[in-house]
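Everything below concerns the one structure shown next.
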Amino acid sequence: MKPHNMKPHVILNSAMTLDGKIATKMGSSEISGKEDLIRVHKLRKEVDAIMVGINTVLVDDPRLTVHKIPAEPSDNPVRIVVDSKARTPLESRILNDDAPTIIAVSESADPKNLENLQKSADIILCGKKRVNLDCLMEKIAKKGIKTLMLEGGSTLNYSMLTEGLVDEVRICIAPMIAGGVHSKTLADGEGVDFMKDAVPLKLKKSYKLGNDLVVEYDVV
Ligand SMILES: NC(=O)c1ccc[n+]([C@@H]2O[C@H](COP(=O)([O-])OP(=O)(O)OC[C@H]3O[C@@H](n4cnc5c(N)ncnc54)[C@H](O)[C@@H]3O)[C@@H](O)[C@H]2O)c1
Ligand SMILES: Nc1nc(=O)c(N)c(NC[C@H](O)[C@H](O)[C@H](O)COP(=O)(O)O)[nH]1
């Protein structure tokens, strides 16, 4: 793997079922217990930015703000959407005034969509077809973002992990099994052919939180 020039410290955080699913094929994803959601919002408060893929915006319409624990508006991290074609709907909650938002697009972005999005978000251009994540990490680091929480979904998690851009992985395992070959898993994408090529992790910490289990790893 090639060395990275300049990038934030990236923490991938997710909630999954015991069988590794982060959403059903219908997009249903109420997985974390209430204690875990408090942990997630404390983490949101600590980091400089939160990043998600465009499908997560389209399916969940998340706010990506700190709203489950007491917080000032200045506690909200910068919100980043990885959105090659600039498909973020203008009425998305991610574009509200609660926090600044960056939409990362590629050269394949629709110019009309871009023009509209520019009114409520900062645009970062990286890559030809898909967003070049290496380029994005460098550009946001240059903007002063030192810590980044990656909140999914499966496709973006896979790209960030396999491109060597994730430093820590924190997972809430909820006591449920969803099954389903079409469910979303912690990391989808192409997948490696051989386990020797899997992204290696080192277990740092594990603890019970409400009815859930939280496991924390460093990427080796
Ligand atoms: N349980 C959880 O913790 C959790 C967290 C977040 C999302 N989710 C779920 O994940 C699902 C969405 O996951 P998903 O995999 O469909 O989409 P995603 O949110 O990972 O978005 C992927 C999309 O991002 C765009 N993209 C642009 N450049 C990219 C690049 N270099 N690498 C990867 N993607 C790039 C592409 O359009 C791609 O299809 C939703 O159902 C959501 O509810 C669950
Ligand atoms: N930690 C965690 N546990 C879950 O059970 C779950 N479904 C998510 N999902 C993360 C995803 O990004 C969601 O879209 C936001 O959690 C939506 O909520 P907000 O309005 O941003 O608080 N995250």
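The values are calculated or read from the model by the stated rules, or taken from the named source; none is laboratory data. Because the structure is predicted, anything quoted here is derived from the model rather than measured. No Cβ is skipped: glycine too gets one built from the backbone with ideal geometry, and neighbour counts run over all protein chains shown. Surface accessibility is based on the protein's heavy atoms, side chains included, excluding ligands, DNA and RNA. Shrake-Rupley method; radii C 1.70, N 1.55, O 1.52, S 1.80 Å.
Residues are listed down the side, and each one gets a yes or a no for (1) within 11 Å of ligand 2 (Cβ to nearest atom); (2) touching a Pro at 6+ places or on another chain (Cβ under 6 Å); (3) closer than 20 Å to ILE11 by Cα:
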residue	(1), (2), (3)
ALA49	no, yes, yes
THR56	yes, no, yes
VAL59	yes, no, no
ARG63	yes, no, yes
HIS67	yes, no, yes
VAL78	no, yes, yes
SER84	no, no, no
ARG87	no, no, no
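Any idea which residue in the stretch 199-220 is farthest from CYS172 (Cα to Cα), counting only those that are out of contact with any Pro (no Cβ under 6 Å at 6 or more places or on another chain) and of a type in the set (A, V, I, L, M, F, W, C)? Checked the stretch 199-220; the qualifying residue farthest from CYS172 (Cα to Cα) is VAL199.
Among the residues that make up the stretch 100-114, is at least one of them assigned to a loop (DSSP other than H, G, I, E, B), within 16 Å of ligand 2 (Cβ to nearest atom) and either out of contact with any strand residue (DSSP E or B) (no Cβ under 7 Å at 6 or more places or on another chain) or closer than 28 Å to ASP36 by Cα (or both)? Yes, because at least one residue in the stretch 100-114 is assigned to a loop (DSSP other than H, G, I, E, B), within 16 Å of ligand 2 (Cβ to nearest atom) and either out of contact with any strand residue (DSSP E or B) (no Cβ under 7 Å at 6 or more places or on another chain) or closer than 28 Å to ASP36 by Cα (or both). Just a yes or no: is a residue in the stretch 29-47 open to solvent by less than 50 Å² (accessible area, probe 1.4 Å), in contact with a Pro (Cβ under 9 Å, 6 or more places away or on another chain) and aliphatic (A, V, I, L, M)? Checking the stretch 29-47: at least one residue is open to solvent by less than 50 Å² (accessible area, probe 1.4 Å), in contact with a Pro (Cβ under 9 Å, 6 or more places away or on another chain) and aliphatic (A, V, I, L, M). Scanning the stretch 174-198 for residues that are among the β-branched types (Val, Ile, Thr) and more than 17 Å from the chain's Cα centre (by Cα) gives ILE177, VAL181, VAL192.
Checking each residue in the stretch 159-178 for being outside any loop (DSSP other than H, G, I, E, B) and within 22 Å of ARG130 (Cβ to Cβ) picks out SER159, MET160, LEU161, THR162. The number of residues in the stretch 179-220 that are assigned to a strand (DSSP E or B) and surrounded by 13 or more Cβ atoms within 10 Å (Cβ to Cβ) comes to 12. Does the stretch 132-150 include one or more residues that are touching a residue at least 12 places away in the same chain (Cβ under 8 Å), in a loop (DSSP other than H, G, I, E, B), open to solvent by less than 80 Å² (accessible area, probe 1.4 Å) and away from ligand 1 (no atom under 14 Å from the Cβ)? Yes - at least one qualifying residue is present in the stretch 132-150. Here VAL59 meets each of (1) open to solvent by 70 Å² or more (accessible area, probe 1.4 Å); (2) of a type in the set (Val, Ile, Thr); (3) part of a loop (DSSP other than H, G, I, E, B) with one exception, condition (3). Any idea how many residues of the stretch 157-174 are touching a Gly at 6+ places or on another chain (Cβ under 9 Å), over 15 Å from VAL52 (Cα atoms) and not β-branched (Val, Ile, Thr)? Here the count works out to 2.
A search for C-beta distances below 7 Å between a residue of the stretch 174-198 that is closer than 23 Å to THR56 by Cα and any residue that is surrounded by 10 or more Cβ atoms within 10 Å (Cβ to Cβ) and aromatic (Phe, Trp, Tyr), counting only pairs 6+ apart in sequence or on different chains, returns ALA187/TYR158; ASP188/TYR158; GLY189/TYR158.
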